[in-house]
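Every number in this text was worked out from the coordinates using simple rules, so none of it is lab data. Quick caveat: nothing in here was measured; it's all calculated off a predicted structure. Positions of Cβ are backbone-derived with ideal geometry, glycine not excepted, and every protein chain shown enters the neighbour counts.
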Amino acid sequence: MKLSVIGAGYVGLTTAACLAQVGHDVFCSESDVEKLSKLQDGGMPLFEPHLEDVIKGVRKAGRLRFGSTEEAIAWGDAIFICVGTPPLPNGDADLCAIEGVARAIAKGASGYRLVIEKSTVPVQTGAQLRKHLSVHSTSGLRYDVASNPEFLREGTSVGDFLHPDRIVIGADSPRAAAILREIYEPIIKQSFTCPIHSDCPKRGDPIFLATDTNSAELIKHASNSFLAMKISFINMVANLCEVVGADVTMVAEGMGLDPRIGSSFLNPGIGFGGFCFPKDVQAFIRIAEKSGCDFSLLKEVEKINQGRVERFVEQVRNELWVLRGKKIAVWGLAFKPNTDDVRFAPALSIIRRLQAEGAHIQAYDPEAMEKAKKEIPDVTYCQDAYEAATGTDAVLLLTEWEEFRKVDWSRLATLVERPLIIDGRNALLREDVVSNGFHYIGIGGVSATPKEASALIGT
Ligand code: UDX
């Protein structure tokens, strides 16, 4: 089918590339001219595992092209709106870009179009879109509006799109539902050439959940807010574990063995970040407030999350006493591993807090340093984890990149001023760390000193 995708951010680019991968003829547009020309020249405006290869493959096969919004509107029978909905100062989602696209479609398209909102939008946005298209339509446009929220995670977005747990659509006409089913047929049947796995993980075909537009829109905000709540819950428990002398990793394991709870998203740490959870929780609270519903539960989720940075800085201060003049290594800047994204990254907030008290930061991240430099220029950016740790009073692990687990601890011990690791993600094996003479401080009661090494290794 001829499909258009408007907006080439994480969601748009992954959607366009993967729909082309499963056989559709896709036109992807981007209003940022610099980003568009980079894409047209075969470049990538973001780091996302596998995505560049998929794009190269489908462009070579002639199933993906990049161009202007007007061209995209003229191209596809169905148009996926994947533009950004950043947070406004009051927490509402900014819908300007979506409105702009709606107006362009109303003025530029003729014949039939299925207009699909894929950006994360507040409930009832579909209704607004429908009204706007009819108000501004000048060329006899016939259309349906549908919702198709995405659940992609940065770092695994290609796999998440091609092997989803579920595909959610919100359509208020049988025609719209039928078209969306046809679009996703190859993914529902898992009948496509997978660019990631030679032997795809056997996990049962995705569920195709068709509902009304309002419910589909709410599924997105509710899902993200629930996951954020799970993270704040385990962070809350982690605080208690530190006080009563329990081990949060064991508590999380014990909880997660109950399938009603599930083990995922129970990793305590310095808080959730990224361009989704913080803004989606805020937007959901605002939606509820405007609808007269009490969402104080989510306000607590936000409060607990905002408290993670301060609690971690407090822990660093407790260990280093005076922060002014101290040299501190930071391992990890991205809001999570396998992405170069530093938007709402807890690591950046922690660095700013430490700098405000006069500490000098030596930082390293495998992918996110270029983007971090734009946010916090006055940091010493290093070539690798060892250079960052050289001469420091403490090493802070703030993003759980795999490579930090493979560090040569005996080599590191010769480089640091003080053998102190403060692990904001409980990512490291404390036995490895303390058996090389380091003092290890984790989250939620999983700290250890070199003296305890033999006991730990014995267990
Ligand atoms: C999220 C949702 O997972 C995805 O379905 C949605 O489409 C977009 O938002 P993403 O923002 O890419 O995806 O990251 P995710 O992997 O969910 O992590 C979000 C944040 O929570 C990260 O900062 C991560 O470090 C943190 N996190 C995650 C925890 O602190 N503990 C956990 O157990 C899991």
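A few comments on the model shown:
- In plain terms, the chain from Glu70 to Arg175 could stretch by 35.3 nm, reckoned as 0.36 nm per residue minus the Cα-Cα distance.
- The mean sequence separation of alpha-carbon pairs under 8 Å and at least six residues apart, normalised by the residue count of the chain, gives a relative contact order of 11 percent.
- Hydrophobic, long helices, defined as DSSP H runs whose alpha-carbon span along the helix axis is 27 Å or greater and whose mean Kyte-Doolittle value is at least -1.0, occur in the chain at 213-244, 296-320.
- Ranked by the mean number of other Cβ atoms within 10 Å of their residues, highest first, the peptides 251-261, 17-27, 59-69, 185-195 come out as 17-27, 59-69, 185-195, 251-261.
- Computed over the chain, the per-residue total of -39500 (n - 2.57) for DSSP H runs of n ≥ 4 gives a 222 nm mean residue ellipticity of -13500 deg cm²/dmol, rounded to 500.
- Paramagnetic reach from Glu185 in region 66-87 [backbone N under 20 Å; point 7 Å along Cα→Cβ]: 76-80
- FRET efficiency, Thr449 to Asp165 (Cβ-Cβ, R0 56 Å, nearest 0.05): 0.85
- Distance between modelled label sites at Ser139 and Glu403, nm, 7 Å Cα→Cβ extension: 4.9
- Using Cβ point charges alone (K and R +1, D and E -1), the dipole size of the chain about the Cα centre works out to roughly 700 debye.
- Qualifying lysines (Cα of each under 18 Å from Cα of Lys406; at least 8 residues distant if same chain): Lys336
- The trypsin sites (Lys or Arg not before Pro) of region 403-459 that DSSP puts in a loop, and whose beta carbon has at most 11 other beta carbons within 10 Å, are Lys406.
- Rounded, prolate or oblate (a/c below 1.5 giving rounded, otherwise prolate when a/b exceeds b/c) for region 153-249 by Cα gyration tensor: oblate
- Taking Cβ atoms as reference points and 15 Å as the exclusive limit, the residues near Ser291 contribute a net charge of -2, counting Lys and Arg as +1 and Asp and Glu as -1.
- Take every pair of alpha-carbon atoms less than 8 Å apart whose residues are at least six positions apart; their mean separation over the length of region 106-148 yields a relative contact order of 66 percent.
- Dimensions of region 1-48 based on its C-alpha atoms, expressed as ranges along the principal axes with the largest first, amount to 29, 20, 18 Å.
- Taking 0.36 nm per residue of separation and subtracting the Cα-Cα distance, full extension of the segment from Ala413 to Leu209 would add 68.1 nm.
- Three-way shape label, region 326-402, alpha-carbon gyration tensor, a/c 1.5: oblate
- Dipole magnitude of region 302-459 about its Cα centre (Cβ charges: Lys, Arg +1; Asp, Glu -1), debye to nearest 20: 440
- Computed over region 325-443: relative contact order in percent, which uses C-alpha pairs under 8 Å that are six or more apart: 27
- Cα shape, the chain, gyration tensor, a/c 1.5 rule: prolate
- Straight-distance candidates among the lysines for linking to Lys327, with alpha-carbon spacing under 19 Å and chain neighbours fewer than 8 residues away dropped: Lys373.
- Backbone amide hydrogens, once placed in the peptide plane, bring Arg113 within less than 5 Å of Arg142, Tyr143, Asp144, excluding anything fewer than 5 places away on its chain.
- Around Ile361: net Lys/Arg minus Asp/Glu count, Cβ-Cβ under 9 Å: 0
- Net charge of the neighbourhood of Ala93, taken over other residues with C-beta under 9 Å away and scored Lys/Arg +1, Asp/Glu -1, is -1.
- Extension gain from Lys303 to Cys96, taking 0.36 nm per residue of separation minus the Cα-Cα distance: 71.7 nm
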